[in-house]
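Let me begin by presenting the structure, written as structure tokens, before commenting on it.
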Amino acid sequence: VQLQASGGGSVQAGGSLRLACAASGSIFSISVMGWYRQAPGKSREMVASISEGGNTDYANSVKGRFTISRDNAKNTVYLQMNSLESEDTGVYYCNAKYNLIHQTWGQGTLVTVSS
């Protein structure tokens, strides 16, 4: 499984961005896809995830502001980020869990929110 992330950028606080993560390879084996982020000087944290059945999970800090969705026809997962805050700044990584015990990461995409 390979992941290609896109959509990062710079935005002012209160603005919106949408990230996309396209999966290729053995996509039939993917069970969960998600987004993680790493802020400067901090450890990587889960932001949002979506299962193959469509169940979603969010970090408390983004609930009500971020929405994760998937387009199965395009093998792509999206993260719509609204009402962005400076604390949302970081490198965002796409993640896929597959074959029960494996996971893979996409390249990071930088999100910068200025106040």
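Just a few scattered comments:
- Reduced Cα scattering model of the chain, Debye log10 I(q)/I(0), q = 0.16, 0.17, 0.22 Å⁻¹: -0.66, -0.75, -1.22
- For segment 13-18, backbone phi angles converted through the Karplus equation (6.51, -1.76, 1.60; θ = phi - 60°) give residue-by-residue couplings of 3, x, x, 9, 9, 10 Hz, Gly and Pro being listed as x.
- For the chain, carbon and sulfur atoms together expose 47% of the accessible surface, with a 1.4 angstrom probe and every protein chain in place.
- Note on LYS42: lysines with a C-alpha under 22 Å away, same-chain residues under 8 apart excluded, are LYS63.
- Distance between the pseudo-spin-label points of ASN55 and SER16 (7 Å out from Cα toward the beta carbon): 2.9 nm.
- Solvent-accessible area per residue for the chain (1.4 angstrom probe, square angstrom): 52 Å²
- Fraction of antiparallel bridges per DSSP, the chain only, in percent to nearest 5: 90 percent
- Approximate spin-label separation GLN107-LYS42, in nm, with each point projected 7 Å along Cα-to-Cβ: 2.5 nm
- Cα pair count fraction exceeding 17 Å, expressed as % - segment 40-83: 38 percent
The values are calculated or read from the model by the stated rules, or taken from the named source; none is laboratory data. Model, not experiment: these values are computed from the prediction. Note that we place each Cβ from the backbone using ideal geometry, even for glycine, and neighbour counts take in every protein chain shown. For accessibility, only protein heavy atoms count, side chains too; no ligands or nucleic acids. Shrake-Rupley method; radii C 1.70, N 1.55, O 1.52, S 1.80 Å.
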